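Just below is one structure, and these are the notes that go with it.
The values are calculated or read from the model by the stated rules, or taken from the named source; none is laboratory data. Please read all numbers here as calculations on a predicted model, not as lab measurements. For neighbour counting, all protein chains shown are included, and Cβ atoms are generated from backbone atoms with ideal geometry for every residue, glycine included. With ligands, DNA and RNA removed, areas are computed over all heavy atoms of the protein, side chains included. Shrake-Rupley method; radii C 1.70, N 1.55, O 1.52, S 1.80 Å.
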Amino acid sequence: MSSELEHLARGTAELIASADEREAEEAASRPDEPSLPPLEWLKVNLFSSVLNTVLTIVFGLAGVLAYQRLLNWAFSHEREWDAVRVNMRALFTFTYPSSQYGRIWVTLGIVLALAGLSLGLSRMVGQGFSLKRISTWCMAWGGAVIAGILLVQPHAKRSPDGEVLLDADFEPVRESFGTAMADRGWWWLVGVILFAVGLALWVVLGDVKRRTTFVGAVPFTLGVLAFAVSTLWWFHWGNYGQQGDIIEPGRTVKDSAKLPWTVMWLVLTGAYLLGQRLATTDRAGSIRVVVNFSWLLAPFITFWVILRDPQIDYAHVVSTDLPMALGFMIGGGAVLFFLTKPGVGEAGRIVGVGLFGLAIFNWVAAFFGVYPMLQKARISFLLLALVALAAHNFAGERSQRLRFVCAWAGVMAMLHYLVTMINAPSTVDAPDEFVGGFLVTVYIAVFTMIFSFPLGILLALGRTSTLPIFRVLSTIYIETVRGVPFITILFFFSTFLNIFLPDGMEIEQLAAAGLGFALFSAAYLAENIRGGLQAVRRGQYEASDALGLTTVQRTGFIVLPQALRVSIPPLVGATISTFKETSLLAIIGIIDFLRVANSVIPGQTVFLGVRMEGLLFVCMIYWIGAYGMSKFSQRLERHLGVGEH
Amino acid sequence: MSFSDATAAVSDELAARDDIIICDGVDKWYGDFQALNQVSANIKEQEVVVVLGPSGSGKSTWIRCINRLEQHQSGRIVVDGVELTNDTRNIEKIRSEVGMVFQQFNLFPHLSVVDNISLAPIWVRKRPRAEAERQARELLERVGIPEQAEKFPGQLSGGQQQRVAIARALAMEPRIMLFDEPTSALDPEMIKEVLDVMKELALGGMTMMVVTHEMGFAREVADRIIFMESGEIVEAGTPEHFFTNPQEDRTKLFLSQIL
Ligand SMILES: Nc1ncnc2c1ncn2[C@@H]1O[C@H](COP(=O)(O)OP(=O)(O)OP(=O)(O)O)[C@@H](O)[C@H]1O
Ligand SMILES: [Mg+2]
């Protein structure tokens, strides 16, 4: 993995962001000090010395040249941006049946609703963008557009039937400069309006006002999104119905997407406003907890219920699934209620160890096929045993114990629900073929995050544990995984995993790949978290011990929260890597986002060999995702930094 | 009266009380280095013992053995009737009866002051959260900083942090408090506020073992002073006796250096 490049990119993003923030803070801290007039600013920052002047000129020229080359490339008559425009569906959902798009919209709706609520409830939203910054942006972008109009070479002339006219040297015949400028009317409008808005903001507002008036980042972004969505209603975004092998003919992007996207925007905005309202109520704290918990549940619900359509065998549900789930919820709950009784002592230990022994026996027996038991019962039993072993940490008064038992029942209900859903036959019989494009990128990235974080934490704790058995096992796992190329693991999981699974258990290729990602990423996360664990001072352990906290309590309340906080930057880095590394799925034959751009589109008869356009688009989407995560982690860090050192 | 027998050196009124800490021939090695050498001393209920000694003499090691942050290798330590052995249940029980205050405060930086104080009562003593938080605020009142309840440790001065640390230990309602140089990391103007809280505690009848270099505190508050050097108890006695009429040459040398 190109970790160096990634490191560089992250570093740059951080630099930009921190500069932004510093500016905002400085502006707020000294509103009376006037900022430099533009010419002065240029002099101080770009032409302060001979060296500085030379550097400015050299890099300025290089920048202009690069910009011109890029634009000439992008607007050349050889470019076929239709390949991207027409293939939007292929890029994002590949062959997912369009009759089922409703599910994707619902999924997206759930995510946006949660995002809106979280943003509204959040206490970590900064003060936003100053008008000075917005004005600078407008002028910069307006200027860039106008410069682009002037820099791009005139278009090639075409004959009435659309052929490019060539001269004697087979070079395209180009329009005159004047016609070219006149042809770019729309672009002029965009550039001039942007620049004018920026200039107006600058001139009309006083210097102080400019720097101390802020537009919230969320409202600003919602505004920009509103504009983008509105274009679907009045701008012709092209027609993807023309031809192509996998595209449904006849409808334009705006026809099929304008209504859903508008609804999506409304959901996001509505949820944000609701969140803001809720944040001012007394129950804001518990509402935050509910929303955060929903974030954890959302992926499961969306993956298994909305993306797939299980055909449920109700007879089986009534005869087996439901009784089993209830058995674990109630029976397990009763056992745990007993074990959390204060002073249950030796009896509790015996029950816990006994259950654990039985659970292990279940698994060992399963591998020899001697003792058949439904897989989910086996999993539940093991979980029950593990929780039972730790139960004495949660001993307390009746209401506390009841809450603990309820949490257990909730987890069981969810687990059984999910496993039943996964095992149920689906109308989408071969999801590997149907889930492709960006959908698969998101699917695997989220799946990996959800499973690798807890596993990574456990491995890190194991490796730093004082108990040799945990230490040795974790170390072996981590070092083995880190010593093997990821591709090998991916191959192994997609091809051979089923052979190693016990009878009656099967796993789809995509899920297997997800598992491979999660197990691989966990080893790296574990090392990051271990770094964090080592940063926790010895005094913290001593203080916890001196207060009589148990090892589990010490780890959960004192050590881990501090260790994770320190590990946020590397953890987010790892997450970003995972997000980008999903493109390796192409190797095991899954058609992800990148592969659509790299081989599906260039294979279509109309767009034979058209590759760069799609790749550039894919890069852009990856970048947006990675940059977003990086920004988020900075906010998180600063938010959690409260009261440290 | 032999002064190397530390237990003998207490007033008659104290002698009548029960022993709450019994140390009998405690040895502690770090590898080849012997940090504690046959340390024997019994501490009475409600007694305030100040431990003095040059740097590296084993003062910290000793009091850390008493709540088993360090393990002694031979000899016996009995705290509140429970002997310290490898049995984890004994250790957790003892630790919840013995509060400890560290030189470096060791507050939990990610928790607010109230959460720092109420965490252990909630999870170790199994108190309802509301009650534990109420108690935390009362304790903050007692150590003189009720207005700091919602802040984080990083936002407090050193003296305030150490008072929170004392409140945190007191929240477990311990029968014994151990202090390991509680004022050594503080600026001079903050030392007094912490010492005042400790005096208050001593007057309230808490059993205390205090390692400190504050001679004023030792003279004024201690029932007994124990002087250590090279891992051994050299001399013990009432403050009056200890400061005015030390018997051992090593004690005299130490006192001449610090007074
Ligand atoms: N973890 C350890 N490993 C090895 N040696 C140790 C360790 N902890 C302490 N020692 C040694 O044990 C001796 C006693 O240390 P201790 O910290 O108890 O001294 P102290 O009397 O508290 O000194 P100070 O006044 O400087 O705090 C010292 O010589 C020290 O070097
Ligand atoms: Mg010390």
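From B:ARG125, B:ARG95, B:ARG89, which residue is in a helix (DSSP H, G or I) and surrounded by fewer than 19 Cβ atoms within 10 Å (Cβ to Cβ)? Show your work before the answer.
Working: B:ARG125 fails: in a helix (DSSP H, G or I); B:ARG95 fails: surrounded by fewer than 19 Cβ atoms within 10 Å (Cβ to Cβ).
Testing whether each residue is in a helix (DSSP H, G or I) and surrounded by fewer than 19 Cβ atoms within 10 Å (Cβ to Cβ) leaves just B:ARG89.
Here is a list: B:VAL48, B:VAL39, B:VAL101. Which entry is in contact (Cβ under 8 Å) with a residue 60 or more places away in the chain, away from ligand 1 (no atom under 16 Å from the Cβ) and open to solvent by less than 10 Å² (accessible area, probe 1.4 Å)? Checking each option against the conditions leaves just B:VAL48. Would you check which residues across the range B:122-171 are at pLDDT 90 or above, among the basic types (Lys, Arg) and over 22 Å from the mean Cα position of the chain (by Cα) and list them? Passing the criteria: B:ARG134, B:ARG137, B:LYS151.
Among the criteria (1) within 16 Å of ligand 2 (Cβ to nearest atom); (2) under 23 Å from B:LEU107 (Cα atoms); (3) assigned to a strand (DSSP E or B), the one B:MET177 does not fulfil is (1).
Any idea which of B:PRO182, B:PRO174 is within 16 Å of ligand 1 (Cβ to nearest atom) and within 14 Å of chain A (Cβ to nearest Cβ)?
Working: B:PRO174 fails: within 16 Å of ligand 1 (Cβ to nearest atom).
Going through B:PRO182, B:PRO174 in turn, the sole match is B:PRO182.
Here the range B:150-164 is the region considered, the condition is being part of a helix (DSSP H, G or I) and facing chain A (nearest Cβ under 9 Å), and the residue that is least open to solvent (accessible area, probe 1.4 Å) is B:PRO153. Among residues of the range B:18-34 that are in a strand (DSSP E or B) and open to solvent by less than 70 Å² (accessible area, probe 1.4 Å), those with a beta-carbon under 8 Å from a residue that is aliphatic (A, V, I, L, M) and near ligand 1 (Cβ under 9 Å from one of its atoms) at least six positions away or on a different chain give the pairs B:VAL26/B:LEU36; B:ASP27/B:LEU36; B:LYS28/B:ALA35; B:LYS28/B:LEU36.
In the set B:LEU178, B:LEU203, only one residue is free of Cβ contacts under 8 Å to residues at least 40 places away in the same chain and under 30 Å from B:VAL82 (Cα atoms); that residue is B:LEU203. Could you please let me know if B:SER112 is facing chain A (nearest Cβ under 9 Å) and either more than 21 Å from B:LYS59 (Cβ to Cβ) or open to solvent by 10 Å² or more (accessible area, probe 1.4 Å) (or both)? Considered against the rule, which asks whether it is facing chain A (nearest Cβ under 9 Å) and either more than 21 Å from B:LYS59 (Cβ to Cβ) or open to solvent by 10 Å² or more (accessible area, probe 1.4 Å) (or both), B:SER112 comes out as yes. For first residues located in the range A:452-472 and open to solvent by 60 Å² or more (accessible area, probe 1.4 Å), partners that are not in a helix (DSSP H, G or I) and lie 6+ apart or on another chain with Cβ distances below 7 Å form the pairs A:ARG471/A:SER465. The residues of the range B:60-98 that are at pLDDT below 90, over 23 Å from B:GLU173 (Cβ atoms) and either β-branched (Val, Ile, Thr) or within 12 Å of ligand 1 (Cβ to nearest atom) (or both) amount to a single one, B:THR85.
Do we have A:ALA168 as among the aliphatic types (A, V, I, L, M) and open to solvent by 80 Å² or more (accessible area, probe 1.4 Å) here?
Numbers: among the aliphatic types (A, V, I, L, M): yes; open to solvent by 80 Å² or more (accessible area, probe 1.4 Å): yes.
Yes: the conditions hold for A:ALA168.
Within the range B:151-160, not a single residue is of a type in the set (Phe, Trp, Tyr) and in contact (Cβ under 8 Å) with a residue 60 or more places away in the chain.
From the list B:ALA120, B:ALA167, B:ALA132, which residue is more than 11 Å from every other protein chain (Cβ to nearest Cβ) and touching a Leu at 6+ places or on another chain (Cβ under 6 Å)? Outline the logic, then answer.
On the way: B:ALA120 fails: more than 11 Å from every other protein chain (Cβ to nearest Cβ); B:ALA132 fails: touching a Leu at 6+ places or on another chain (Cβ under 6 Å).
Among B:ALA120, B:ALA167, B:ALA132, only B:ALA167 is more than 11 Å from every other protein chain (Cβ to nearest Cβ) and touching a Leu at 6+ places or on another chain (Cβ under 6 Å).
Farther than 18 Å from B:SER112 by Cβ and open to solvent by less than 20 Å² (accessible area, probe 1.4 Å): is that true of B:GLY231 in this structure? Give the derivation first.
Details: farther than 18 Å from B:SER112 by Cβ: yes; open to solvent by less than 20 Å² (accessible area, probe 1.4 Å): yes.
Yes.
Could you list all residues from the range B:128-149 that are without any contact (Cβ under 8 Å) to a residue 40 or more places away in the chain and assigned to a loop (DSSP other than H, G, I, E, B)? Result: B:PRO128, B:ILE145, B:ALA149. A residue that is part of a helix (DSSP H, G or I), more than 30 Å from A:LEU497 (Cα to Cα) and open to solvent by less than 40 Å² (accessible area, probe 1.4 Å) occurs somewhere in the range A:591-612. Scan the range B:71-92 for residues that are within 9 Å of chain A (Cβ to nearest Cβ) and touching a strand residue (DSSP E or B) at 6+ places or on another chain (Cβ under 6 Å) and the total you get is 0. Per this entry, B:ALA236 is not counted among residues that are at pLDDT 90 or above, surrounded by 18 or more Cβ atoms within 10 Å (Cβ to Cβ) and in a helix (DSSP H, G or I).
Among residues of the range A:329-347 that are surrounded by 16 or more Cβ atoms within 10 Å (Cβ to Cβ), those with a Cβ under 6 angstrom from a residue that is not in a helix (DSSP H, G or I), sequence gap 6+ or separate chain, pair up as A:THR340/A:ALA395. Restricting attention to the range A:557-583 and to residues that are open to solvent by 40 Å² or more (accessible area, probe 1.4 Å) and not basic (Lys, Arg), the residue that is farthest from the other protein chains (Cβ to nearest Cβ) turns out to be A:PRO570.
The single condition among (1) part of a helix (DSSP H, G or I); (2) in contact with a helix residue (DSSP H, G or I) (Cβ under 7 Å, 6 or more places away or on another chain) that A:ARG79 does not satisfy is (1).
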